[in-house]
Every structure is written in C-alpha cells, then in structure tokens.
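Read the structure below first, then the notes.
A short reminder: the numbers here are calculations on the coordinates, not readings from a lab. Every value quoted in this text rests on a predicted model; they were computed, and no experiment measured them. So basically every Cβ, Gly included, is an ideal-geometry build from the backbone, and we count neighbours across all protein chains shown.
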Amino acid sequence: MLDYSEPVAKLIDEFKRLPGIGHKNAQRLAFFILRRPKEDVERFVEALHEVKERIVFCNVCNNLTDVNPCLYCTSPARARDVICIVEEPYNLVAIEKTRSFKGLYHILHGALSPIRGVGPDELMLANLFPRLSPENNEGVEVAEVIVATNPTTEGEATANYIARLLKPLGIRVTRIAMGMPVGSDLEFVDEVTMDKALTNRHEI
Amino acid sequence: MLLERLEALNFRNLSGKIECSGHLNILFGENGQGKTNWLEAMHLLSTTKSFKTSRLKETICFGEELGIVRGSVKKSAEITHELQVALQGNSKILSVNGKKETVQRYLGELHAVVFNSDELEIVRGNPDARRKFLDNGIVAIYPAFVQTLSDYNRVIKQKNSLLQSALDHDYSLEKTADLLAPWNEQLVSLASRIHKARVRFVERLNTVLEKKLFGREEISIRYASSLEGRGDLGDYAALIEERLKFRVQAELVSGHALIGTHRDDLEVTFDGLDLRKFGSSGQQRSALLILLIANVSVYFEQNGEYPLFLLDDVDAELDYRRIGQLLEFLNGKTQTFVTTSKDSFVERFSAGSLVFSIVGGHPELHRT
C-alpha cells in the first residue's frame with residue numbers, strides 16, 4: 001500500500017527526481033504545494049511550461065535563450081574576435097557579472113568525464129568550428145579562444161582537448177589563471193590554492 | 001606537541017581520563033579491557049579517523065547517541081589547545097578550544113604515528129601499502145600534496161573508465177590515443193610531481209634512517225619507479241610522456257592505465273635481500289619500526305617537534321631486546337604510548353614512565 005494517496009505519491013516521486021532533493025525534502029515540497037492557493041500553483045506550472053516551450057539552445061553559442069541567436073551573439077557592442085568557452089550557462093553568468101569581458105561565448109554543456117559517459121561527442125563543441133571562419137562571424141577573424149572550464153581534472157582535460165583541436169588552426173588558445181581570490185586575506189586561503197598561486201606567480 | 005590529558009566519553013568502553021607523561025606511558029591490562037581503545041581514541045583525536053573501522057558509528061558506546069574524545073595538547077610553553085572530536089552517528093564535529101573547525105584546519109593540531117599489526121602491511125603487504133606510507137608522510141610535511149594525489153587518482157579513474165569503454169566499443173587505436181591525450185597530459189604533470197615528491201621523501205628518510213638500530217642486519221630503502229630501466233628517470237616528465245605514447249595499444253588491450261606512479265613501489269631490503277620475501281617476521285617488524293622512526297625524524301626536521309608514537313601490543317610484535325633498544329632510542333624524543341598485557345613488561349620498562357592499569361575501559365594510575 002502507498003503511504004499517500006496516489007496523486008500525492010506521484011508528486012513526491014517527481015520532486016525526488018530533482019537534483020539535491022531527497023525523500024524528506026520531496027515530501028515537504030509536495031505538502032507545500034498542496035497548501036498553496038490554486039492560482040499560485042497554476043502560475044508555477046505555467047512557468048515550467050513556458051521555460052520548456054520558449055527556451056532553446058542558441059544555434060551559435062549554445063546559450064539558453066528565448067531569441068535565436070541569443071542576445072550575446074547578435075549584440076553589436078561585443079567584440080567578435082574573442083570567444084570564451086565555458087562548461088555551463090551559469091558559468092557565463094558568473095563571467096558576465098565581472099562586466100570586464102566583452103567578447104563572445106561558447107557553452108559546452110558539460111566537461112569530458114568518461115566515468116559519466118561524457119566524451120567529446122557529448123559536448124556541444126561541433127558548432128564552434130564554423131564560428132572561427134570570418135564568413136560566419138560578420139567578417140571578423142577570431143584571434144583568441146579563452147578556455148574557462150572549471151579547474152577540476154575534468155575541466156582541465158576538456159581545456160586540453162580543445163587546445164589540441166584549435167592550436168593546429170593557428171588560433172591563440174588561453175586558459176584562465178588560477179590562484180588567490182581577490183579581496184581575501186592570505187591566511188584564509190587553503191594550502192592548495194596558495195600553492196597554485198605561488199606556482200603561477202608573475203613579475204610586477 | 002604534548003598530549004597532556006586525554007578524556008573519553010561513550011567512546012567504545014572507555015571512561016575517565018589519562019593525565020599523560022611527556023615521555024613513556026604504559027597502558028597495562030588484561031585482554032579486552034580497552035588498552036587499544038585508548039590508542040584508538042588518541043588516533044581519532046589526531047587524524048579524526050579510527051584505525052580499526054571506517055564506520056565511526058561503531059565506535060560509539062552501545063545504546064548511546066554521542067561519543068566524545070577530548071584532549072589537551074600543549075603547543076608551546078604558554079599555549080594549550082583543547083581538542084575535541086564528537087561523534088554522532090557517522091558524522092563528527094571537530095572543535096579546538098570550544099570552537100568548531102573544518103577537517104582541513106583541525107588536522108595538524110596533533111600528529112601521531114601508529115605501530116600495530118595492520119601497519120605490518122607496509123613491510124609484508126602489497127606495494128599500495130608502501131605507497132600510502134610514503135604519501136601520508138609527504139602530506140604530513142606538505143599538506144597541499146593531498147590535492148595532487150586526489151587529482152592523480154581521479155585522472156587514473158577517468159582513464160580506466162575511458163579504456164574500458166574503448167574496449168567495449170572496439171575503438172580504433174588512433175581514436176583511443178586521441179581520447180586519451182587530454183588525460184595523459186594531466187597524468188604526465190601529476191605523475192611527475194608525485195614521482196619527485198616521493199623520491200625526495202625517500203632521500204630524506206634515507207638521511208635519517210637508523211639502518212642498524214636493532215643490530216644485526218642492515219635495512220635499506222629505495223624508491224623503485226615502475227619506469228626504471230625504460231630511460232632517463234632524471235627527466236621523468238619526458239620519459240613518462242614517451243612511455244604513455246608507446247604503450248597506448250597495451251593499455252587499450254588491457255583496459256587499464258598501465259603507466260604511472262600508481263605502479264611504483266618502495267623497495268625495502270635487509271643486507272641486500274627483499275624483506276617482503278625473505279625477511280622473518282621479527283626482521284619485518286624491526287624494519288617497520290625503523291621506517292616509522294625515520295618518518296618521525298623527517299617530521300621533526302620539518303616541524304621542529306615530534307609526533308606522538310603509539311605502539312599497540314608491542315610485546316606481541318617484538319622481543320624485549322628490541323623493545324629496549326626502541327624505547328631507549330625514543331626516550332627524550334617522542335611522547336610514547338605502549339599497550340601491554342604482561343607484568344614482566346611493566347617490571348622491565350616502567351622506570352621513568354607512567355603506568356596506567358586499564359580495567360573495563362577505565363584507567364587508573366599505577367603506583368609502584
């Protein structure tokens with residue numbers, strides 16, 4: 001016998017599919033929904049619907065967008081000669097917050113990880129190469145590709161793989177620096193980060 | 001560092017506290033009374049782990065919710081830290097002077113080296129026990145090495161998974177080499193760092209190795225790279241890179257990463273003979289102690305203080321002659337804890353030490 005009547009059990013099951021949600025949290029969420037006014041729930045359902053209906057991958061950079069190509073790819077204000085490669089759309093958001101990068105993006109939607117069955121074919125990388133020819137990039141030649149994948153072994157392998165593909169094409173491939181977080185005290189930095197920062201020191 | 005006092009509450013069968021000597025402490029009692037549990041408590045306070053089990057829940061006294069081990073560690077003449085490890089279920093809460101700390105910050109408060117029958121794996125077991133001995137020793141003096149090791153293991157795991165699926169899907173040699181390249185490139189740099197650190201650490205062990213501590217045979221150690229005889233180890237990065245390229249096919253056929261520091265070993269010999277194969281169990285135990293002492297000495301060179309030395313059931317493992325030589329050597333250096341069930345041991349070695357009788361987990365200072 002089910003612990004709850006079928007519709008409730010079904011809802012709990014659906015919540016459990018979400019990342020980071022276990023059984024107890026799923027129950028809490030389901031009962032929260034049950035107690036909400038009908039309009040609230042409908043607004044929620046509508047939001048879920050809409051995101052699936054209207055959001056697509058940008059043909060050019062794979063960003064999530066409601067206009068295709070996305071606003072970054074069509075913006076006249078962005079420098080078209082630099083492309084920054086990131087793993088996930090939220091990595092793009094993190095870089096955008098700095099307001100200091102004015103180039104274009106390319107989103108892979110993942111990183112190489114044989115353990116999880118992610119090989120080069122599972123990354124959204126194929127549409128990067130056409131972008132490198134001026135005829136597909138409003139006449140501008142791409143001078144540099146910045147690889148901003150995560151500083152994990154998977155991120156490093158991905159960066160390495162991309163560099164191997166792009167270098168023979170004569171494109172400058174760079175990797176973001178790793179080291180000290182700005183604005184923090186030296187004493188609060190863990191040994192590993194400190195070690196990287198020392199290794200990657202530069203002359204002043 | 002000096003462990004001045006140790007208390008346990010609902011940890012195994014322990015109760016009460018030990019006011020420790022800065023030199024030798026003898027925990028004496030019949031079997032099953034909890035002598036080793038006290039050493040386990042010290043080890044927990046030092047490493048936040050048990051040397052008996054990976055499930056800390058098992059160490060909490062049956063029927064209780066919370067197990068606590070607490071200790072006062074004298075860091076210098078005027079600074080004493082109160083350390084506490086509280087166990088609840090499988091989780092643990094660490095604190096220093098009553099304030100909660102993360103594991104990373106907690107480790108290093110108290111360092112301890114253990115000699116017990118499990119550690120004998122180092123001298124008689126598989127190479128991985130010896131690699132672990134080296135790696136732990138390196139981490140104790142160079143904490144950032146933890147990340148290098150964990151990245152290396154991750155890369156090997158990814159590579160194995162890749163090779164396995166290459167095997168399952170009949171990938172061509174060329175395709176496999178292509179897919180392996182980004183992992184191998186990291187492997188080259190990580191393995192080079194590990195190789196260098198281990199070679200350097202063995203050099204340091206060698207400079208302090210008391211080769212003839214127990215008389216008779218002479219113990220030697222040497223780092224044996226799996227790439228020995230394959231080229232110039234002086235330029236390890238270039239050598240491993242070349243080997244990785246050369247062996248792609250072999251790796252593809254076997255479905256495993258065949259090249260790297262995870263295949264290396266620490267060679268331990270006595271009078272030139274392989275200790276693991278030809279050493280008697282007494283010789284193996286002596287050699288293990290010589291290795292542990294060298295480890296402690298390197299730690300001292302680096303940090304200017306000695307770790308605790310915990311010797312479990314020392315008289316089951318060593319004869320009195322060797323124990324005498326060992327304790328004499330450690331005297332004035334490490335704070336030492338030994339467990340024994342023999343009266344004769346206490347009679348013979350208790351001069352200048354504190355003796356605690358352990359009955360039902362409770363320690364009582366022995367007046368002689």
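Values for this structure:
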{"quantity": "Gain on full stretching of the segment that runs from residue B:82 to residue B:280 - 0.36 nm per residue minus C-alpha separation", "calculated": "67.0 nm"}
{"quantity": "Residue A:188-residue A:49 pseudo-label distance in nm [points 7 Å out on the Cα-to-Cβ vector]", "calculated": "4.6 nm"}
{"quantity": "Theoretical FRET efficiency, 1/(1+(r/R0)^6), r = Cβ-Cβ of residue A:97 and residue B:256, R0 60 Å, to 0.05", "calculated": "0.90"}
{"quantity": "Cα gyration tensor shape of the stretch A:6-54, rounded if a/c is under 1.5, else prolate or oblate by comparing a/b with b/c", "calculated": "oblate"}
{"quantity": "Student exercise, the stretch B:190-329 dipole from Lys, Arg, Asp, Glu Cβ charges, in Debye to nearest 20", "calculated": "400 debye"}
{"quantity": "Angle between chain B longest axis and helix B:35-47 axis [Cα atoms, degrees, rounded to 10]", "calculated": "50 degrees"}
{"quantity": "Chain A: DSSP helices with Cα axial extent of at least 24 Å and average Kyte-Doolittle hydropathy no lower than 0.5", "calculated": "none"}
{"quantity": "Selection of trypsin sites (Lys or Arg not before Pro), the stretch B:1-103, meeting DSSP coil and at most 12 other Cβ within 10 Å", "calculated": "B:55"}
{"quantity": "P(r), alpha carbons of the protein assembly as shown - 20 Å bins starting at zero, rounded %", "calculated": "16, 39, 33, 12, 1"}
{"quantity": "Test item: A:146-156 mean partner chain Cβ contacts at 10 Å", "calculated": "3"}
{"quantity": "In degrees, nearest ten, helix B:127-141 long axis to first principal axis of chain B (Cα)", "calculated": "70 degrees"}
{"quantity": "Globularity index of the stretch A:105-186, i.e. its alpha-carbon radius of gyration over 2.2 N^0.38 Å", "calculated": "1.25"}
{"quantity": "Diffusion constant of the stretch B:191-283 at 37 °C, which comes from Stokes-Einstein with the Kirkwood Cα-pair radius and 0.692 mPa s, µm²/s", "calculated": "217 µm²/s"}
{"quantity": "Potential extension, residue B:238-residue B:146 segment - 0.36 nm per residue separation minus Cα distance", "calculated": "30.7 nm"}
{"quantity": "Inter-part distance where the stretch A:53-80 and the stretch B:127-194 are each reduced to a Cα centre, Å", "calculated": "38 Å"}
{"quantity": "Most fluctuating residue given options A:139, A:103, A:22, as computed from a GNM of chain A linking Cα atoms under 10 Å", "calculated": "A:22"}
{"quantity": "Cα→Cβ-extended label distance, 7 Å offset, between residue B:342 and residue A:39, nm", "calculated": "8.6 nm"}
{"quantity": "Most positive-pole-ward Cα, B:289, B:231, B:215, against dipole of the stretch B:186-289 from beta carbon charges", "calculated": "B:289"}
{"quantity": "Estimated FRET transfer efficiency when R0 is 51 angstrom, pair residue B:104-residue B:321 (beta carbons, to 0.05)", "calculated": "0.75"}
{"quantity": "Rounded to the nearest 20 debye, dipole of the protein assembly as shown from Cβ charges on Lys, Arg, Asp, Glu", "calculated": "340 debye"}
{"quantity": "Charged-residue dipole, Cβ positions (Lys, Arg, Asp, Glu), chain B about Cα centre, Debye nearest 20", "calculated": "300 debye"}
{"quantity": "Cα-based helix-to-principal-axis angle, B:145-168 vs chain B, degrees rounded to 10", "calculated": "50 degrees"}
{"quantity": "For residues of A:113-119, the mean tally of beta carbons on other chains within 10 Å", "calculated": "5"}
{"quantity": "Neighbour cut-off at most 12 other Cβ (10 Å), DSSP loop, trypsin sites (Lys or Arg not before Pro), the stretch A:37-106", "calculated": "A:99, A:102"}
{"quantity": "Relative contact order (%) - chain B, alpha-carbon pairs under 8 angstrom, separation at least six", "calculated": "27 percent"}
{"quantity": "Positive-end residue of A:119, A:129, B:153, charge dipole of the protein assembly as shown with Cβ unit charges", "calculated": "B:153"}
{"quantity": "Approximate spin-label separation residue A:176-residue A:203, in nm, with each point projected 7 Å along Cα-to-Cβ", "calculated": "2.8 nm"}
{"quantity": "10 Å Cβ neighbours from other chains, averaged over peptide A:192-202", "calculated": "2"}
{"quantity": "√(5λ) per eigenvalue of the Cα gyration tensor, chain B, largest first, Å", "calculated": "41, 25, 18"}
